[in-house]
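K.L.:
The structure's right below; bear with me while I get my questions together.
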Amino acid sequence: MIIGITGGIGSGKSTVSEILRDEGFLVYDTDKEARRLQNEHPEIRTQLMKLFGNNAYDETGLNRKFLAAIVFEQPELLEKLNAVVHPFVKEDLIEWMKKYPGEKVYFIESAILFEAHFDQIVDKIILVTAAEEVRIERVMRRDSMSEEQIRARINNQGSDEKKIDLADFVIRTDDNQDLKKKLKKVLAQI
């Protein structure tokens, strides 16, 4: 069984994934692996440089700050970036699952599970959500981003209201209390 974990920036999906890892489950983090592939995969590098120019990469790898400034202001470029990267991430995910053939459950963490069409390969979906103000506060504490930058990312990730109808389970993390208990309850239902 493949279970997708999704939620917008600051929703708590990474905290849910950490709890799952602590419980011994395998979790593939699409954001983390996409960052790795963007730096390591020559075809992604070639396509992104063709799309965004030589400034897409610097001496340390993908120039995330440069790209973020462009793609979060122009949603059509974000779609093009995702169209380049996501097929490679999906391929990498399939290879990752092959490394663990005896597993009964695989978890996939993805902020843009629906937008990247990973929802087509999962059996169940857990949506992790919190009030927008809580999410903004969390991200401002965690990252050096302005409220305006965070809101732009939230707006690009799509609304939770639409995703609630598509999810099999919803975990609210506004207070983060009893998160382990909430997750165990969901797992028992799966």
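The values are calculated or read from the model by the stated rules, or taken from the named source; none is laboratory data. Since we're looking at a predicted model, the values are computed, not measured. Every residue, glycine among them, receives a Cβ derived from its backbone with ideal geometry; neighbour counts consider all protein chains shown.
K.L.:
Of everything in the range 51-71 that's of a type outside the set (D, E, K, R) and farther than 13 Å from residue 38 by Cβ, which residue is surrounded by the most Cβ atoms within 10 Å (Cβ to Cβ)?
P.N.:
From the range 51-71, those of a type outside the set (D, E, K, R) are 51-57, 60-63, 66-71; that's our starting set.
Right, trim to farther than 13 Å from residue 38 by Cβ and you get 53-55, 69-70.
Details: 53: 11, 54: 8, 55: 11, 69: 12, 70: 16.
My answer is 70.
K.L.:
Just the residues that are closer than 12 Å to residue 9 by Cβ, crowded, with 16+ Cβ neighbours inside 10 Å and modelled with pLDDT of 90 or more, please, taken from the range 135-190.
P.N.:
Scanning the range 135-190 gives 135, 136, 138, 139.
K.L.:
How many residues does the range 88-100 hold that are surrounded by 14 or more Cβ atoms within 10 Å (Cβ to Cβ) and farther than 15 Å from residue 39 by Cα?
P.N.:
Of the residues in the range 88-100, 4 are surrounded by 14 or more Cβ atoms within 10 Å (Cβ to Cβ) and farther than 15 Å from residue 39 by Cα.
K.L.:
Right, next: Report yes if residue 56 is small (Gly, Ala, Ser), modelled with pLDDT of 95 or more and under 15 Å from residue 108 (Cβ atoms), otherwise no.
P.N.:
Details: small (Gly, Ala, Ser): yes; modelled with pLDDT of 95 or more: yes; under 15 Å from residue 108 (Cβ atoms): no.
Considered against the rule, which asks whether it is small (Gly, Ala, Ser), modelled with pLDDT of 95 or more and under 15 Å from residue 108 (Cβ atoms), residue 56 comes out as no.
K.L.:
Consider only pairs whose beta carbons are under 7 Å apart and that are at least six residues apart or on different chains; among these, list those whose first residue lies in the range 73-91 and is more than 10 Å from residue 44 (Cα to Cα) and of a type outside the set (Lys, Arg) and whose second residue is in a helix (DSSP H, G or I) and at pLDDT 95 or above.
P.N.:
89/30; 89/33; 89/34; 89/37
K.L.:
Can you find, within the range 101-122, the residue that is surrounded by the fewest Cβ atoms within 10 Å (Cβ to Cβ) among those that are not in a loop (DSSP other than H, G, I, E, B) and not aromatic (Phe, Trp, Tyr)? Working first, answer last.
P.N.:
As a first pass, look at the range 101-122 and keep what is not in a loop (DSSP other than H, G, I, E, B): 106-109, 118-120.
Next, from what is left, pick out any that are not aromatic (Phe, Trp, Tyr): 108-109, 119-120.
Details: 108: 27, 109: 26, 119: 18, 120: 10.
Result: 120.
K.L.:
Give me a count of the residues in the range 16-63 that are over 20 Å from the mean Cα position of the chain (by Cα) and either in a helix (DSSP H, G or I) or in contact (Cβ under 8 Å) with a residue 60 or more places away in the chain (or both).
P.N.:
The number of residues fulfilling the criteria is 12.
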